[in-house]
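K.L.:
First the structure, then my questions, so here it is.
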Amino acid sequence: MDWHEAKIDPTSKTRVHIQIADIFEKSIANGFLAPGAAIPSENELMDVFAVSRTTARRVAAVLREREVIHTVPGKGSFAGREGGPNPPDVRPLPRRVADQIGVAILSGKYPAGSRLPAERDLTCEHGVARPTLRKALVILRTEGWAFTVPFAGTFIASPRCWPKKEAGVNTQCGEAAFEAAEITDP
């Protein structure tokens, strides 16, 4: 049975969070929720089943205890045991492209001061449309990975401007990266 169609019985002696957990366990066992599929968030459970946040949390705890789901911090809960199929990447596409370019910068593919390839080339390389790439470039500029010179292109900023893992977004460099980086024309 699909969990969207399931009803809980408020008159039952079985506690509500156990009833909801049973519904999800059956949905997973019957294939309505494939391994790696996202389990509804606490807010979704609260809305669909009209329960409190505490009850929604208990549902997830019971399902984890039964080893029917696993939780990935910051991403959510997913059907199946930990180490099973990877949960789908739910980050927005521009964020994923920005992360891929960030990895390329860290690997040395794009050294500091060098110009990124043309938008046309980057859209082909990452398989995205130009507006998506432009949103990714905005993310890179905001985080300090790159800066754009009008009519010249987007350049890799100095490593001192790159975001630090613990610091998050680096706002101290911004436009200063333009003056600090040596612009090379390949």
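The values are calculated or read from the model by the stated rules, or taken from the named source; none is laboratory data. Just so it is clear, the model here is predicted, and its values are computed rather than measured. Don't worry about glycine lacking a Cβ; one is built from the backbone with ideal geometry, like all the others, and counts go over all protein chains shown.
K.L.:
Could you please find all residues in the stretch 136-186 being in a strand (DSSP E or B) and either within 18 Å of GLY108 (Cα to Cα) or modelled with pLDDT under 90 (or both)?
P.N.:
ALA146, PHE147, THR154, PHE155, ILE156 - these are the residues of the stretch 136-186 that are in a strand (DSSP E or B) and either within 18 Å of GLY108 (Cα to Cα) or modelled with pLDDT under 90 (or both).
K.L.:
Considering the stretch 1-47 alone, what residues qualify as being closer than 18 Å to GLY76 by Cα and of a type in the set (Val, Ile, Thr)?
P.N.:
Scanning the stretch 1-47 gives ILE20, ILE28, ILE39.
K.L.:
Now, a different point. What residue, among those in the stretch 32-46 that are assigned to a loop (DSSP other than H, G, I, E, B) and within 18 Å of the chain's Cα centre (by Cα), is surrounded by the most Cβ atoms within 10 Å (Cβ to Cβ)?
P.N.:
ILE39
K.L.:
Another question about this same structure. Among the listed residues SER27, SER41, which satisfies the condition of being in contact with a Phe, Trp or Tyr (Cβ under 6 Å, 6 or more places away or on another chain), outside the structural domain of VAL138 (by TED's automatic domain parsing), of a type in the set (Ser, Thr, Tyr) and touching a residue at least 12 places away in the same chain (Cβ under 8 Å)?
P.N.:
Matching residue, one of SER27, SER41: SER27.
K.L.:
Given the criteria in contact with an Asp or Glu (Cβ under 8 Å, 6 or more places away or on another chain), surrounded by fewer than 17 Cβ atoms within 10 Å (Cβ to Cβ), under 30 Å from PHE155 (Cβ atoms) and not hydrophobic (A, V, I, L, M, F, W, C), does ARG91 qualify?
P.N.:
yes
K.L.:
What number of residues within the stretch 107-121 satisfy the criterion of being free of Cβ contacts under 8 Å to residues at least 24 places away in the same chain and not basic (Lys, Arg)?
P.N.:
Adding up the residues that qualify gives 5.
Matching residues to (1) modelled with pLDDT under 90; (2) on the phi > 0 side of the Ramachandran plot:
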site: GLU25; (1), (2): yes, no
site: PHE32; (1), (2): yes, no
site: SER41; (1), (2): yes, no
site: GLY76; (1), (2): yes, yes
site: GLY83; (1), (2): yes, yes
site: LEU93; (1), (2): yes, no
site: ILE101; (1), (2): no, no
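K.L.:
Could you tell me how many of the residues in the stretch 47-60 are crowded, with 17+ Cβ neighbours inside 10 Å and either aliphatic (A, V, I, L, M) or part of a loop (DSSP other than H, G, I, E, B) (or both)?
P.N.:
4
K.L.:
Does GLY74 satisfy the criteria of being in contact with a Phe, Trp or Tyr (Cβ under 6 Å, 6 or more places away or on another chain) and either under 30 Å from THR142 (Cα atoms) or outside the structural domain of ALA129 (by TED's automatic domain parsing) (or both)?
P.N.:
Spelling it out, it is not the case that GLY74 is in contact with a Phe, Trp or Tyr (Cβ under 6 Å, 6 or more places away or on another chain) and either under 30 Å from THR142 (Cα atoms) or outside the structural domain of ALA129 (by TED's automatic domain parsing) (or both).
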